[in-house]
1. Within the stretch 68-98, track down each residue that is open to solvent by 80 Å² or more (accessible area, probe 1.4 Å), under 17 Å from Ser180 (Cα atoms) and either polar (S, T, N, Q) or not in a helix (DSSP H, G or I) (or both).
2. Can you run down the residue pairs with Cβ atoms below 7 Å, 6 or more apart or on separate chains, where the first is in the stretch 183-204 and of a type in the set (Lys, Arg) and the partner is open to solvent by less than 40 Å² (accessible area, probe 1.4 Å) and assigned to a helix (DSSP H, G or I)?
3. Just one of Ile42, Ile48, Ile19 is closer than 17 Å to Ala166 by Cβ, surrounded by 15 or more Cβ atoms within 10 Å (Cβ to Cβ), free of Cβ contacts under 8 Å to residues at least 40 places away in the same chain and not hydroxyl-bearing (Ser, Thr, Tyr); which is it?
4. In the stretch 138-156, what residues are in a helix (DSSP H, G or I), touching a residue at least 12 places away in the same chain (Cβ under 8 Å) and surrounded by fewer than 24 Cβ atoms within 10 Å (Cβ to Cβ)?
5. Looking at Leu9, Leu53, which is the one that is at pLDDT 80 or above, exposed (fewer than 15 other Cβ atoms within 10 Å of the Cβ) and either part of a helix (DSSP H, G or I) or over 14 Å from the mean Cα position of the chain (by Cα) (or both)?
6. State all residues of the stretch 157-167 that are surrounded by 20 or more Cβ atoms within 10 Å (Cβ to Cβ) and under 25 Å from Gly79 (Cα atoms); if no residue qualifies, say none.
7. So Gly170 passes all but one of these: (1) modelled with pLDDT of 75 or more; (2) surrounded by 21 or more Cβ atoms within 10 Å (Cβ to Cβ). Which condition number does it fail?
Amino acid sequence: MTSYLVPALAGLLTGAGLIVAIGPQNVFVLRQGVARRHTGTIVAVCAISDIVLIIAGVAGLGAIVAALPQVITVVKIAGGLYVLVLGFLAARRCLRSDEAIAANADEATSVGRWVAVGTALALTWLNPHVYLDTVLTLGAIANGHGNGKWAFAIGACTASVLWFGALGGGARRLSRFFASPRAWKVLDAVVAAIMIGMAIALFASV
């Protein structure tokens, strides 16, 4: 049980670190939540999309590693470098950025359900970073846990569901929090610590 708890926790923290950032997808979910328009649908679309991408990454890279075991070393190094860069970028935002989310409910009120769904799908599947984050990076780190890779995947999927659920369901309260640049600085500091720590762990496991 313990052998699966560690990778599951690592997946939860890594998944949270990758998705907690200011971006068009998060802004859209927050605005829909503030307006209370199609919130459940949008949260489901974003979370399910992440789950599909995470599973694809873990399974796809797992198949490659099974055929070519030596690939895992390269994948760990590449994944570690990418996560390290993400950590440094988060640390840089923490020190320099005064950016915050302005959640305007009026912009979301007039959006129909299918338009909202289409927008959520586009912001998720047409974003190249989502493939680097969920498919390649999470897939690489997950496969680095060997038999615990699916526990890691479950942790990462849980992080996505919790994040989008909190963002959509608690949007009216969270909108004030996310409107504060200082709040994002704190979040970025946490993300930086998680990402840099994960990169060090990956390099140490090579």
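1. Asp98 - this is the single residue of the stretch 68-98 that is open to solvent by 80 Å² or more (accessible area, probe 1.4 Å), under 17 Å from Ser180 (Cα atoms) and either polar (S, T, N, Q) or not in a helix (DSSP H, G or I) (or both).
2. Pairs that qualify, where the first residue is of a type in the set (Lys, Arg) and the partner is open to solvent by less than 40 Å² (accessible area, probe 1.4 Å) and assigned to a helix (DSSP H, G or I), are Lys185/Cys94.
3. Only one candidate qualifies: Ile48.
4. Asn147, Gly148, Lys149, Trp150, Ala151, Ile154
5. Leu9
6. Result: Cys157, Ala159, Ser160, Trp163, Phe164.
7. (2)
The values are calculated or read from the model by the stated rules, or taken from the named source; none is laboratory data. This structure is a prediction, so every number in the text was calculated from the model and none was measured. So basically every Cβ, Gly included, is an ideal-geometry build from the backbone, and we count neighbours across all protein chains shown. These accessible areas exclude ligands, DNA and RNA; they are computed on the full protein's heavy atoms, side chains included. Shrake-Rupley method; radii C 1.70, N 1.55, O 1.52, S 1.80 Å.
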